[in-house]
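Novice: Before I ask anything, let me first share the structure, which is written out below as structure tokens.
The values are calculated or read from the model by the stated rules, or taken from the named source; none is laboratory data. What you are looking at is a predicted structure, and each value in this text was computed from that prediction instead of being measured. Here Cβ is always computed from backbone atoms with ideal geometry, including for glycine, and neighbour counts include all displayed protein chains. Heavy atoms of the whole protein, side chains included, go into the accessibility calculation; ligands, DNA and RNA do not. Shrake-Rupley method; radii C 1.70, N 1.55, O 1.52, S 1.80 Å.
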Amino acid sequence: MPDVLVTRRMVDAAMSALTGLGEVDVYEGPPTAIPRAELLTRVAGVRGLLALLTERVDAELLDAAGPSLRIVANHAVGVDNIDIAECTRRGVLVTNTPDVLTEATADLAWALILACVRRIAEGDRFLRTATPWIWDPRMMLGHDLYGRVIGIVGCGRIGQATARRALGFGMRVVYHNSRPLPPEVAGPLGATWRSFDDLIAESDVVSVHCPLTPSTRHLFDAAAFARMKPTAVLVNTARGPVVDELALAKALRAGEIFAAGLDVFEREPEVEAELLDLDAVTMVPHLGSATVGTREAMGLRAVQNLAAGLAGARPRDLLNPEVLG
Ligand code: GLV
Ligand code: GLV
């Protein structure tokens, strides 16, 4: 009986770090995530589960694992795939991988912002069609960033790192959080709190960094797009369901906003068909943390958390300290 289940192979350094944690069972996907039935079978009796954001960790899975389960170490900073309250009730520790992916994810947000305002993916596609062209004063015009406003929705670690980069582009920063940032954090960013409605009306770039919760699901709906500037771009590197993709496609077709950059999708890995033929949408397959260095750091952090939990110690990134009393 394995001690640990890893739901998909991680990078080599992280796999090597599993040595010494007992018998480790590794699901060898992709292209698919571990099928649910197989996950429920293979999790039975393990002490540690190293899960990815594609695995739903809920009461059903915890029942299947049984009372031996001590820790669920998520290989992600977002934990919307995990029912933390249910884990806590059963005395199961839950950890994530914060900090190590902050800068890489902020970089990707900026890659999408620039791709959207300067029509990079559209220009690349255009050249590959071999359509005749000549430099033209009116060709493929985008929008300026200098002197404009970026609105950060969810100004935690990643949101702040994204805001910091905005200063280099000469942008002004506004943000929306449930609670305003302390002055020592907001001050250096020159960041001003706004209500959500005011932020989306004022911003030329809106970048989403909030977690997915019941109150952020479809935060960007038809009403939100109607409030945004027709020249605005929306970038989502957080979680897909924060954006209503059908409403987004309609808003883009109607010219209610200029462009959107998406790293995450409402029914990931499926991409809404309505978005596919829109040149104003730039999409990448959930690559926010996808650099060699960051994926190594994430994998190692997840394994360190797992190891601590299995050893009866307090994992560094423990999300439900109540379990330890
Ligand atoms: C990736 O999306 C993560 O939450 O780490
Ligand atoms: C993620 O960890 C964030 O704080 O943005």
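Novice: Does at least one position in segment 187-198 carry a residue that is open to solvent by 50 Å² or more (accessible area, probe 1.4 Å) and either of a type in the set (Val, Ile, Thr) or within 13 Å of ligand 2 (Cβ to nearest atom) (or both)?
Specialist: Taking every residue of segment 187-198 in turn, at least one turns out to be open to solvent by 50 Å² or more (accessible area, probe 1.4 Å) and either of a type in the set (Val, Ile, Thr) or within 13 Å of ligand 2 (Cβ to nearest atom) (or both).
Novice: Provide a single number: the residues in segment 199-236 that are within 30 Å of Ile82 (Cβ to Cβ) and surrounded by 18 or more Cβ atoms within 10 Å (Cβ to Cβ).
Specialist: 15
Novice: Right, next: List the residue pairs whose Cβ atoms are under 6 Å apart, where the first residue sits in segment 96-107 and is farther than 15 Å from Leu52 by Cα, the second is within 8 Å of ligand 1 (Cβ to nearest atom) and not in a loop (DSSP other than H, G, I, E, B), and the two are 6 or more positions apart or on different chains.
Specialist: Qualifying pairs under 6 Å: Val100/Met298.
Novice: Any idea which of (1) over 20 Å from Ala259 (Cβ atoms); (2) part of a strand (DSSP E or B) is the one Arg217 doesn't satisfy?
Specialist: All conditions are met except number (2).
Novice: Same structure, new question: Going residue by residue through segment 312-325, is there one that turns out to be modelled with pLDDT under 95, over 20 Å from Asp12 (Cα atoms) and small (Gly, Ala, Ser)?
Specialist: yes
Novice: State whether the residues of segment 5-14 include one that is open to solvent by 10 Å² or more (accessible area, probe 1.4 Å), at pLDDT 95 or above, farther than 22 Å from Pro285 by Cβ and not charged (D, E, K, R).
Specialist: The answer is yes, given that some residue of segment 5-14 is open to solvent by 10 Å² or more (accessible area, probe 1.4 Å), at pLDDT 95 or above, farther than 22 Å from Pro285 by Cβ and not charged (D, E, K, R).
Novice: OK, next. Can you pull out every residue in segment 237-286 that is within 16 Å of ligand 2 (Cβ to nearest atom) and either surrounded by fewer than 16 Cβ atoms within 10 Å (Cβ to Cβ) or β-branched (Val, Ile, Thr) (or both)?
Specialist: Those that are within 16 Å of ligand 2 (Cβ to nearest atom) and either surrounded by fewer than 16 Cβ atoms within 10 Å (Cβ to Cβ) or β-branched (Val, Ile, Thr) (or both): Thr237, Val242, Val264.
Novice: Tell me the residue from Leu324, Leu319 that is within 16 Å of ligand 2 (Cβ to nearest atom), in contact with a Leu (Cβ under 9 Å, 6 or more places away or on another chain) and open to solvent by 50 Å² or more (accessible area, probe 1.4 Å), please.
Specialist: Only one candidate passes the filter, namely Leu319.
Novice: Restricting attention to segment 86-123, and to residues there that are within 16 Å of ligand 1 (Cβ to nearest atom) and farther than 30 Å from Leu275 by Cα, which single residue is surrounded by the fewest Cβ atoms within 10 Å (Cβ to Cβ)?
Specialist: Of everything passing the filter in segment 86-123, Asp99 is surrounded by the fewest Cβ atoms within 10 Å (Cβ to Cβ).
Novice: Next question. (1) over 14 Å from Leu306 (Cβ atoms); (2) touching a helix residue (DSSP H, G or I) at 6+ places or on another chain (Cβ under 7 Å); (3) open to solvent by 30 Å² or more (accessible area, probe 1.4 Å): which one isn't true of Arg47, the others all being true?
Specialist: Failing condition for Arg47: (1).
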